[in-house]
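See structure below.
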Amino acid sequence: MADTIRLKIKRQENAESQPYWEEFDVPYQKNMNVISALMEIQLNPVNAKGQKTTPVVWDCSCLEEVCGACTMIINKKARQACSALVDQLDKPIVLEPLTKFPVVCDLMVDRQIMFEYLKKVKAWIDVDGYYFAGPGPRVPEKVRRFAYDLSRCMTCGCCMEACPNVNDKSTFMGPAVIAQTRLFTLHPTGEANKEERLDAISGKGGVAECGNAQNCIQVCPKGLPLRRAIGEMNRLTFSHSLKKWLKAE
Amino acid sequence: MAKAKIIVVGGGLAGLMTTVKALEAGLEVDLFAYGPSKRSHSACAQGGLNAAVDTMGEGDTPWEHFDDTIYGGDFLANQTPVKGMCETAPDIVYLFDRMGTMFNRSSEGRILVRRLGGVKYHRTVFAGATTGQQLLYTLDEQVRRWEDKGLVNRYEGWEFLSAVLDENGVCRGITAQDLTSMEICSFKGDAVVIATGGPGMIFGETTNSTLNTGYAAGQLYMQGVNYANGEFIQIHPTAIPGADKNRLMSESARGEGGRIWTYKDGKPWYFLEEWYPAYGNLVPRDVATRAIFKVCVDMGLGVDGKNMVYLDLSHKDPEELDNKLGGILEIYEKFGGDDPRKVPMKIFPAMHYSMGGLWVDFNQMTNVTGLFAAGECEYQYHGANRLGGNGMLSAIYGGLVAGRTVVEYISGQESGHKAKSSIFEFEVSRQKEEFKQIYKMEGKENPYALQKELGEWMTRNVTVVRYNNRLQETDNKIQELMERYHNIGLDNHNFWCNQNAVFIRQLWRRLQLARVITLGALARNESRGAHYKPEFPDRDDENWLKTTIAEYTADGPKLSYEEVDIQYIKPRVRKYDVDKEVTMNG
């Protein structure tokens, strides 16, 4: 008999129902990742007890760790299922949905809140229009590199999952949106709306609620310069608040 | 007065570009997509976007870009739209520059360019090696800006199901399904733009994302939209084979100096450089793919006797590599295990892109009035082979054109047109009925197993090298799979987030399009661009300089042909062992 690997999956039929665990033995192949293991369940939806069951529901798209869709908790760590190679994981492989977002079904969660936060900080450049008006502002390559590193955020939610200050009792918007705020205050045109952006992350749920646990830096799959981004936003919001306070005086 | 409203299906580059152009023109937009735009397949595009910005002072021009594109596509593309695309390309780059895309910069802070295949100029602008992701995010941010103002309704996590056509065959809206609640609804629109990307899943393991299901194009084909040049499928020369998909290793790796080689007589053999001295490692994709195939399959010279050759960057400065190619080196490191800065990568060709797609006119409108298409789901810009860096360009340009022409189309309509509500009710009930039938499927076949068989057959027989007998066998096989489709058993009967039932519905459309691709290839007895038949090794302009049009009938695709617009550049022999100029004088 061919080698098999054991998957232990936390399942949940819908948002309201109770979660339960189900185990599966899937045939092992070389170079397998968690996605291909889940695909094996689709081909043969029978659990480890030999009972017929439903295929596991999960979210995925690119399978090359650039879209962020297949983020889940794998052996207690938030990461993408596509880049989680079976050979490098302890067995049984334990899969759970992210806990900081509402579960939709099985391993699929709803991360809409992260996109709502992007609206709050106006994470876009206010261009005059989509007609042709010549080149944009020149950007020094050094600034561009930092900006590019920030702009690789996939909005996958790993940092939210790992952050102790993102929880039911807090309003903290999390590291991802702070990094995006840094990105758009860095751009020469984006800087024009700096005040509004700083307002959005100065108050409740803003950068001051970061407890400096630095877990986000450990889990970000794209290695975003989060320490620098959060540090700089802290300084910028502080001087922004000070200025406002002085003006009010 | 109520605002005119359009429906855009697809949240990638083409769909989002159409969306912001239409919003700017004052239209309201309903935007449908499988998920948030950041998950779209455009995010996977790596190498860059072609535009003759000539920031390196080489004398590059939009005309050169146009000529390279037509020549690279083996003269099958209609020249008028391609010319428009190449002329607009620099403006597109500057528009994204204004919107904040983080393109790599020169020491003066100007936009940097690099070389890609089939081209002698540095013409490709890029943002690391995740250019598609960066362009996509830029447009997504702009759409979010309008969303914040309440002017665009984003339906994320929805599947487009069908077009709603009135008694005159005019498109008046769509039906769609919420993929969580499984609710099926109809939506009215004054025009509909389809921007759903390529049909990669037909080939199983490809460089495509899982959401490139081919559903929308297959469904529309079944509703009477013509499908053009389906047989032209691009096989990318450099991909990393995997258990779940083949991961793309961008052409920009060769653009930045990467070399392809294998061992011959115990020594490294740079076969592309030897066979194609004029272009070397930067020959177009169809040429590179056939060469790698020849070396591995015909000559048995693949690395370790396997179907693999080396793509080597280990001679390059690691810091520069990280700055210009970081994203793809990371992919190889994470999925392949080795560090490509130190050791050569092992790669093999994989299905990557469809040059063919829904037939559109020069205004991006299909043969169904009011129904438009843009991006990889349509056929217009690449002829028989697409050049690297032209994919994102054509998606954005097609989206721009569609965003403009829908406005013209709507303003030309009688105002206050009211489509009868009965046509929407009818289409919704038809879709509900099909879905209900899927829930009654209790046969023995597993849909994912059928899909796997389809992918294996298509990859084996309808990709790099094509023989008529094998194409015929493949069509027979597809018809057998269509029979077996009716014996599928559904494994999940929940009316909540049922990916199983949705997959089955998609599979039926994939089978339809698979026949279009296979029979188009069977009929075309010549070799042109990506379509290569050893039995007919030459291009045959006399008989085959024409666009294939597939029309749906219950008995299978009916093929007809349409003249190609060649008014600007006269067809000439295409060969990459010599400079392009040599072919112009012969």
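The values are calculated or read from the model by the stated rules, or taken from the named source; none is laboratory data. All values derive from a computational prediction rather than experimental measurement. Heads up, the Cβs are rebuilt from the backbone with ideal geometry, glycines too, and the neighbour counts pull from every protein chain shown. All accessible areas refer to the heavy atoms of the entire protein, side chains included, with ligands and DNA or RNA removed. Shrake-Rupley method; radii C 1.70, N 1.55, O 1.52, S 1.80 Å.
Summary table below
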item: Helix-only CD estimate at 222 nm, as mean residue ellipticity for chain B, using -39500 (n - 2.57) per DSSP H run (n ≥ 4); result: -11500 deg cm²/dmol
item: Percent carbon-and-sulfur accessible area, the stretch B:220-335, ignoring ligands, DNA and RNA, probe 1.4 Å; result: 46 percent
item: Calculated [θ] (222 nm, deg cm²/dmol) that DSSP helices of n ≥ 4 give over chain A, each run adding -39,500 (n - 2.57); result: -10000 deg cm²/dmol
item: Of B:ASN78, B:GLN134, B:PRO90, farthest towards positive along the dipole that unit charges on Lys, Arg, Asp, Glu beta carbons give the stretch B:68-198; result: B:PRO90
item: Dipole of the protein assembly as shown [Lys/Arg +1, Asp/Glu -1 at C-beta], most positive-end residue of A:THR181, B:GLN223, B:VAL164; result: A:THR181
item: Simple label model, 7 Å out from Cα along Cβ direction - B:GLU483 to B:ASP148, nm; result: 5.9 nm
item: Shielding score for A:48-57, defined as the mean number of other chain Cβ atoms within 10 Å; result: 3
item: Rounded to whole Å, sorted largest first: equivalent-ellipsoid semi-axes of the stretch B:105-232, Cα gyration tensor; result: 34, 22, 15
item: Stretch gain in nm, segment B:LYS306-B:ASN494, where the contour uses 0.36 nm per residue and the Cα spacing is subtracted; result: 63.2 nm
item: Quotient of Cα Rg and 2.2 N^0.38 Å for the stretch B:474-586, N being how many residues it contains; result: 1.55
item: Computed lengthening from A:PHE238 to A:GLU23, 0.36 nm per intervening residue step minus Cα-Cα distance; result: 72.4 nm
item: Per-q log10 I(q)/I(0), the protein assembly as shown, q = 0.05, 0.10 Å⁻¹ (Debye; single scatterer per alpha-carbon; no solvent); result: -0.25, -1.09
item: B:HIS315 accessible area, assembled protein chains, probe 1.4 Å, Å²; result: 110 Å²
item: About the Cα centre, charge dipole magnitude for the protein assembly as shown (Lys/Arg +1, Asp/Glu -1 at Cβ), debye; result: 1680 debye
item: DSSP beta bridge pairing in the protein assembly as shown, given as percent antiparallel to the nearest 5; result: 75 percent
item: Enclosed volume per residue, in Å³, of the convex hull spanned by Cα atoms of chain A; result: 166 Å³
item: DSSP H segments from chain B that extend 18 Å or more along their own axis, Cα-based, with Kyte-Doolittle mean of 0.0 or above; result: B:390-411, B:499-523
item: Pairwise Cα inverse-distance average, inverted: Kirkwood Rh of the stretch B:354-403 (Å); result: 10.7 Å
item: Descending principal axes extents, the stretch B:236-351, alpha-carbon based, whole Å; result: 35, 34, 27
item: Partnerless Cys - chain A, beta-carbon criterion under 4.7 Å; result: A:CYS82, A:CYS153, A:CYS156, A:CYS158, A:CYS163, A:CYS210, A:CYS220
item: Cβ-derived FRET efficiency at R0 25 Å, B:TRP275 paired with B:ASP540, nearest 0.05; result: 0.60
item: Shielding by partners - mean other protein chain Cβ count within 10 Å, residues of A:145-153; result: 5
item: Computed magnitude of the charge dipole of the stretch B:236-351 (debye, nearest 20; Cβ of K, R +1, Cβ of D, E -1); result: 320 debye
item: Total accessible area lost when B and A pair, probe 1.4 Å, Å² to nearest 100; result: 6300 Å²
item: Sorted peptide list for B:351-363, B:521-533, B:189-201, criterion being average Cβ within 10 angstrom, highest first; result: B:189-201, B:351-363, B:521-533
item: Spatially proximal lysines relative to B:LYS267 (Cα-Cα < 26 Å; intrachain offsets below 8 disregarded); result: B:LYS294, B:LYS306, B:LYS316, B:LYS342, B:LYS346
item: Chain B - accessible surface per residue (Å², probe 1.4 Å); result: 33 Å²
item: Rotationally averaged projected area of chain B (alpha carbon convex hull; nm²); result: 26.2 nm²
item: Rounded to the nearest 20 debye, dipole of the stretch B:3-119 from Cβ charges on Lys, Arg, Asp, Glu; result: 620 debye
item: Cα centroid of the stretch A:127-176 to Cα centroid of the stretch B:433-475, whole Å; result: 42 Å
item: Dimensionless Rg over Rh [the stretch B:421-546; C-alpha; Kirkwood]; result: 1.11
item: Calculated FRET efficiency for the pair B:SER422/A:ARG227, C-beta based, R₀ 45 Å, to 0.05; result: 0.15
item: Chain-alone versus full-assembly comparison, the stretch B:75-104, residues with accessible loss of at least 10 Å² (1.4 Å probe); result: B:THR88, B:ASP91, B:TYR94, B:LEU95, B:ASP97, B:ARG98, B:MET99, B:GLY100, B:MET102, B:ASN104
item: Simple spin-label estimate for A:THR53 and B:VAL582 in nanometres, 7 Å along Cα-Cβ; result: 6.3 nm
item: For the stretch A:112-248, radius of gyration divided by Kirkwood radius, i.e. Rg to Rh on alpha-carbons; result: 0.97
item: Choice from A:PRO55, A:PRO221, A:PRO140 with maximal GNM fluctuation in chain A (Cα, 10 Å cutoff); result: A:PRO140
item: Mean Cβ neighbour count within 10 Å, used as a protection proxy, ranking B:219-232, B:387-400 highest first; result: B:387-400, B:219-232
item: Rounded, prolate or oblate (a/c below 1.5 giving rounded, otherwise prolate when a/b exceeds b/c) for the stretch B:370-456 by Cα gyration tensor; result: oblate
item: Shielding score for A:24-36, defined as the mean number of other chain Cβ atoms within 10 Å; result: 2
item: Chain B - share of DSSP beta bridges that are antiparallel (%, nearest 5); result: 70 percent
item: Label-point gap, in nm, between A:LYS77 and B:ILE566 - each point 7 angstrom along Cα→Cβ; result: 5.8 nm
item: Cα-based helix-to-principal-axis angle, A:34-43 vs chain A, degrees rounded to 10; result: 50 degrees
item: Free-standing Cys, chain B [no other Cys Cβ under 4.7 Å]; result: B:CYS44, B:CYS86, B:CYS171, B:CYS185, B:CYS296, B:CYS377
